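Here's the structure, in structure tokens; my notes come after.
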Amino acid sequence: MREQILVLEALQQIDLELSELEIHLIEYPNKISNLEEEIKSSKETIQNLTDQKEDLDKTREEIENEISQNEESIKKSEEKLFEIKTHKEYQALQKEIAETKKMNSDHEEKLLDEMEKIETLEKEIAEKSEKLASMESGNQEKIAEYKLELEDIKVAYEPKKKQKEEAIQKLDPEIFPLYEKIFKKNNGEVLAIAKNEVCTGCYMNVPAQLFNEILTFTRIIQCPSCQKILYCEEEEKSEAQTG
Ligand SMILES: [Zn+2]
């Protein structure tokens, strides 16, 4: 039985290491994709702002075109004023010129408005791009680190699984299901040392008769309170035998 305890001890250690590797196998890809997502979402935000700015640029261009067309037509009309013979025609043309000028002053107001919006957007884009640049390089560095660590974990995982299989082979077939049950129930703590008739896993008393059986390793004995498999250290066994 002593040998079986040693196998259980080794198996428990391997399983704990496997659990940790399995956590990392999930955790590292998550960390990597979070960092990638952060870069992607920041780029999307900047792209959105750039699209908005392009729309505003188009509107600005349209207004500018209208202003220059209006200026052209004002210039032509003003030249025409000299050729006009009747007062009525003169007045009508002057009215038209005034209306066009008014239209242009409205356009110019709108243009200022648009340019202000464009300026604000440009500032925002510049700030966000600067932040993105430093965030992206930091994230890429971390991603590279995590990818290397993930490779190491993958390399370590398969041999560890093989070690587990080998350990299970050395175990009595009826002990393994019990081991698995306790491992799951107690977060990987399967074994506990029994000392002075006390289970050091839960610090409850172990009945004297049971404790004697533990000392002689005649069979697998579970703690009546926490269900862990109990064993004693060699010195306690020899003390018990000599004493
Ligand atoms: Zn116990």
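Just so it is clear, none of the values below were taken in a lab; they were calculated from the coordinates. Everything numeric here is computed off the predicted structure, so don't read it as measured data. Positions of Cβ are generated from backbone atoms using ideal geometry, with glycine treated the same way; all protein chains shown enter the neighbour counts.
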(message) Report the Cα centroid-to-centroid distance between the range 94-114 and the range 133-205 in angstrom, as an integer.
(response) 77 Å
(request) Any of K131/K154; K43/K142; K31/K53; K58/K101 with alpha carbons more than 29 Å apart? Name them for me. (result) K131/K154; K31/K53
(request) Can you pull the one-decimal nm distance between simple spin-label points at E145 and M103, each 7 Å off the Cα toward Cβ? (result) 6.4 nm
(message) From the Cα trace of the range 25-157, what convex hull volume per residue do you get, rounded to a whole Å³?
(response) 95 Å³
(request) State, in angstrom, two size descriptors of the chain derived from its alpha carbons: Rg to one decimal place and Dmax to the nearest whole number. (result) 41.6, 140
(message) Helix-only mean residue ellipticity at 222 nm, the chain, DSSP H runs n ≥ 4 weighted -39,500 (n - 2.57), per residue, nearest 500. What is it?
(response) -29500 deg cm²/dmol
(request) Take peptides 27-36, 7-16 and line them up by average Cβ neighbours within 10 Å, highest first, as a rough protection proxy. (result) 7-16, 27-36
(message) Contact order normalised by length for the chain, with contacts defined as Cα pairs under 8 Å and 6 or more residues apart; what percent is it?
(response) 27 percent
(message) Please give the charge dipole size of the chain, origin at the Cα centre, charges +1 on K and R Cβ atoms and -1 on D and E Cβ atoms. Round to the nearest 20 debye.
(response) 900 debye
(message) Are there DSSP H segments in the chain that both extend 20 Å or more along their axis (alpha-carbon positions) and score a mean Kyte-Doolittle hydropathy of at least -0.5? List them, or say none.
(response) none
(request) In nm, give the distance between the simple-model label positions of K110 and Q222, each being 7 Å from the Cα along the Cα-to-Cβ direction. (result) 8.3 nm
(message) List the trypsin sites (Lys or Arg not before Pro) within the range 55-117 that DSSP assigns to loop and that have no more than 16 neighbouring Cβ atoms inside 10 Å.
(response) K85
